[in-house]
Amino acid sequence: MSIRPFIVTIDGPAGVGKSTLAAKIAHSLKIAYLDTGAMFRAVGWMMSLENENPDQKQIEHLILNMTFGLSGTGWNSQVILNGRELGAEIRTEEAGMMASKVGQIKEVRTFLKQAQQNIGRKVSLVAEGRDMGSVVFPDAQYKFFLDASAEIRADRRKKQLERSGTKADYDSILTLIRQRDEQDRNRPIAPLKPARDAIIINTGPHDLEGVYQAIKGYIQPG
């Protein structure tokens, strides 16, 4: 009898700190970290190289030629696309907007849901995204939903970009975050919302370590 992979999901809006926390939790549990946002960004990035407004046939052709995988654990986890690691090309604010845009396309969401579930059948992992607990991994052992105001998230994102050496404008970032929130929460397919059994954490009053400790306090590894 095969052992069921141990899965933790962390959902929430853009800029709430999901990626860093998911990687940190995965590292502490010695399991993989699945950056599903990178998968949506990769699809959006590849579409933008071809056509920012692809038709049905172009979308189907693109995703039929995409194969995702996952390597490593914790901080060293890496989403693989067609045999290569994804880099800085998918980490721009523009790529983030394209990710939100393609996330509204039914065929893309279906394709990525299947790709993510296939990965989750093979390895234990911490998955972060918008609908990990509500749609992709509804049977996950632990589900968390993180939230914070758009202003707090914009400030965090600005500081994150500046630490990486990228010039950042707070007002522009805030506008993009609000646009993404509007798109993510009101899309007809898998809108951003907590799973019914998710543990909801407001990250606004807490630093990264405080939220990390709160999440860790709930998890009892299987």
| query | For segment 141-155, which residues satisfy the criterion of being under 11 Å from V16 (Cα atoms) and either under 15 Å from the mean Cα position of the chain (by Cα) or not hydroxyl-bearing (S, T, Y) (or both)? | reply | F145, L146, D147, A148, A150, E151, I152, R153, A154, D155
| query | Considering only residues of segment 52-73 that are among the β-branched types (V, I, T) and not in a helix (DSSP H, G or I), which is surrounded by the most Cβ atoms within 10 Å (Cβ to Cβ)? | reply | T73
| Which of the residues that make up segment 74-103 are of a type in the set (A, V, I, L, M, F, W, C) and either in a helix (DSSP H, G or I) or touching a Pro at 6+ places or on another chain (Cβ under 9 Å) (or both)? | W75, A88, I90, A95, M97, M98, A99, V102
| query | Of everything in segment 128-146 that's part of a loop (DSSP other than H, G, I, E, B) and among the charged types (D, E, K, R), which residue is surrounded by the most Cβ atoms within 10 Å (Cβ to Cβ)? | reply | R130
| Where a residue in segment 28-49 is hydroxyl-bearing (S, T, Y) and its partner, wherever it lies, is in a helix (DSSP H, G or I), with Cβ under 7 Å and at least six apart | S28/K216; Y33/A22; Y33/A23; Y33/A26; Y33/G74; T36/Q116; T36/M132; S48/M98
| Quick one: is S100 modelled with pLDDT of 90 or more and on the phi < 0 side of the Ramachandran plot? | no
| said: Of the residues L112, L208, only one is within 27 Å of F68 (Cα to Cα) and either in contact with a Ser or Thr (Cβ under 8 Å, 6 or more places away or on another chain) or at pLDDT 90 or above (or both); which? | reply: L112
| query | Pick from segment 74-120 the residues that are among the basic types (K, R) and within 23 Å of V135 (Cα to Cα): which of them is surrounded by the fewest Cβ atoms within 10 Å (Cβ to Cβ)? | reply | K106
| request: Go through the residues of segment 139-147 one by one and say whether even a single one is of a type in the set (A, V, I, L, M) and in contact (Cβ under 8 Å) with a residue 60 or more places away in the chain. | output: yes
| Could we say that G15 is surrounded by 13 or more Cβ atoms within 10 Å (Cβ to Cβ), part of a helix (DSSP H, G or I) and modelled with pLDDT under 90 here? | no
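Here is a yes/no grid of residues against (1) at pLDDT below 95; (2) within 24 Å of I189 (Cα to Cα); (3) out of contact with any strand residue (DSSP E or B) (no Cβ under 7 Å at 6 or more places or on another chain):
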{"residue": "A32", "(1), (2), (3)": "no, no, no"}
{"residue": "M39", "(1), (2), (3)": "yes, yes, no"}
{"residue": "M47", "(1), (2), (3)": "yes, yes, yes"}
{"residue": "N53", "(1), (2), (3)": "yes, yes, yes"}
{"residue": "S71", "(1), (2), (3)": "yes, no, no"}
{"residue": "L86", "(1), (2), (3)": "yes, no, no"}
{"residue": "T92", "(1), (2), (3)": "yes, no, yes"}
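The values are calculated or read from the model by the stated rules, or taken from the named source; none is laboratory data. It should be emphasised that the depicted structure is a prediction, and the values quoted were computed from it without experimental measurement. All Cβ positions, even for glycine, are placed from backbone atoms using ideal geometry, and neighbour counts span all protein chains on display.
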